[in-house]
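Here's the structure, in structure tokens; my notes come after.
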Amino acid sequence: SNTFWAFAKLSMTPNDDVMSGLQHEMVLKRGDFTSQGVSNVLWSLAKLSFVMVDPMFSEAIETQASSIVNTFSPQEIANTIWAYGQMRMQPSRRFLSLMSRQATTRIEDWKPEEISGLLWGLVKLSRHPEGDLSHWIQR
């Protein structure tokens, strides 16, 4: 995740071979990625205007994030959904439901900019907040 992040911070888009290699490594090591790592990879790809096209990579990201969803902080949830929206890449309905549920478990920890990022991502995905998250946002 640090390599993806470094490319994004430097505004340097790696060539196709490098990007393919990084994605391949992520697939192989997906079980090692923390919520911060997953969030950083997605944020970095979005900042580089990259669109995930490798189905194995996309599936690995979503599978790992889903398996550790209870460790995601509000910022990591917001950055993850923002990144999906920025890339116009639709995560599964199950994934969004898991993220929404995790968001509501830490509702008191959310900052305005995190709420904004989450909502912006959902709008770009043409999705609405679900369940308790929807009720909380409308208050």
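Here are the numbers:
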item: Every pair of residues 6+ apart whose Cβ atoms lie under 8 Å, when the first sits in the stretch 10-27 and is hydroxyl-bearing (Ser, Thr, Tyr) while the second is open to solvent by less than 100 Å² (accessible area, probe 1.4 Å) and not in a helix (DSSP H, G or I); result: Ser11/Leu48; Thr13/Leu48; Thr13/Ser49; Thr13/Phe50; Ser20/Asp54
item: Test for Met99: is it hydrophobic (A, V, I, L, M, F, W, C), in a loop (DSSP other than H, G, I, E, B) and surrounded by 14 or more Cβ atoms within 10 Å (Cβ to Cβ); result: no
item: Test result for Thr34, more than 25 Å from Trp120 (Cα to Cα) and either hydroxyl-bearing (Ser, Thr, Tyr) or open to solvent by less than 10 Å² (accessible area, probe 1.4 Å) (or both); result: no
item: Tally of residues being within 30 Å of Glu108 (Cβ to Cβ), of a type in the set (Val, Ile, Thr) and open to solvent by 40 Å² or more (accessible area, probe 1.4 Å) across the stretch 37-73; result: 2
item: Search result, residues across the stretch 6-28 that are open to solvent by 100 Å² or more (accessible area, probe 1.4 Å) and under 19 Å from Glu62 (Cβ atoms); result: His24, Leu28
item: Residue check for Ser1: modelled with pLDDT under 85, surrounded by 13 or more Cβ atoms within 10 Å (Cβ to Cβ) and not hydrophobic (A, V, I, L, M, F, W, C); result: yes
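The values are calculated or read from the model by the stated rules, or taken from the named source; none is laboratory data. Predicted model only: the values in this text are computed from it and were never measured. Don't worry about glycine lacking a Cβ; one is built from the backbone with ideal geometry, like all the others, and counts go over all protein chains shown. Keep in mind that these areas ignore ligands, DNA and RNA; they rest on the heavy atoms of the full protein, side chains included. Shrake-Rupley method; radii C 1.70, N 1.55, O 1.52, S 1.80 Å.
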